[in-house]
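Bear in mind these aren't lab numbers, they're just calculated from the coordinates by the rules spelled out. Everything numeric here is computed off the predicted structure, so don't read it as measured data. Virtual Cβ from ideal backbone geometry, glycine too; neighbours counted across all protein chains shown.
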Amino acid sequence: MTRRKAQQIVISGIGGQGVLFVTRLLAEAAIAKELPVFTSETHGMAQRGGTVVSHLKIGQFSSPLIRPAEADGLLVLKAENMAQHVGFLKDGGWAVVNETTSADADDRYPTMRIDADALARKIRNPKAVNLILLGFALAPGHGQTDEHGLLFCTYEDVLAALQKVTAGRRQLRKASLTALETGYRR
């Protein structure tokens, strides 16, 4: 089965978690695949630990914002943001959440959970939560009907985008590759 070429994804976290970096990587992966891409972000009180939300549209769309009940997927870097942004998901949408429990589970949507904070501590990189979560979302399985991950692109596509974005920054590249692989191999 081929990957869908149109996808709307909401990425949610708090200031400093790398929401915009994940958005950039996915946008770069789409551009490399010659797919149309829109991005839009809201920073709010990001510098004080406030919510940051990013909208990413891949495909033929006419505006960058995702309307409620239209997102294919939701990437949540801070579990508390799930309740705030779950309304963006359409019927059949999915969520990947950085959390350890499913206490606030929403049975309407398939939700994949990973304790990205614990994995980031394990690799001694507490800022790696974003890439661990992204790697996990790119991994095969998650109850999908094919052998691919949830996203429009592959692990290899994001890996190439990561290498491009971190060109000339050897330390950042090495740490980022480790984080992405940690989530993917989980």
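Assorted remarks:
- FRET efficiency, 1/(1 + (r/R0)^6) with R0 22 Å, evaluated for Lys127 and Thr100 via beta carbons: 0.70
- Gaussian network model of the chain, Cα within-10 Å springs - most flexible of Asp115, Asp91, Asp157: Asp91
- Potential lengthening of the chain between Lys90 and Ser40 amounts to 16.1 nm, from the contour at 0.36 nm per residue minus the alpha-carbon distance.
- Between Glu156 and Arg170, the contour length at 0.36 nm per residue exceeds the Cα-Cα span by 3.1 nm.
- Lysines whose Cα lies under 20 Å from that of Lys90, excluding same-chain neighbours fewer than 8 positions away: Lys5, Lys57
- Size of electric dipole in the chain: Cβ of Lys, Arg +1 and of Asp, Glu -1, about Cα centre, debye, nearest 20: 800
- Answer label, with Kirkwood radius over Cα pairs in Å calculated from the coordinates and candidates (i) 17.1; (ii) 16.3; (iii) 18.8: (ii)
- Look at the Cα gyration tensor of segment 109-171: its axes a ≥ b ≥ c give a/c of at least 1.5 with a/b at or below b/c, and that counts as oblate.
- Based on C-alpha pairs under 8 angstrom that are at least 6 apart in sequence, the chain has a relative contact order of 21 percent.
- Whole-Hz ³J(HN,Hα) from phi, Karplus 6.51 cos²θ - 1.76 cosθ + 1.60, for segment 87-95, glycine and proline x: x, 6, 6, 8, 4, x, x, 9, 9
- Listed by chain and number, the lysines whose C-alpha is less than 25 Å from the C-alpha of Lys122, apart from same-chain residues fewer than 8 away, are Lys78, Lys174.
- Segment 7-185 - share of DSSP beta bridges that are antiparallel (%, nearest 5): 50
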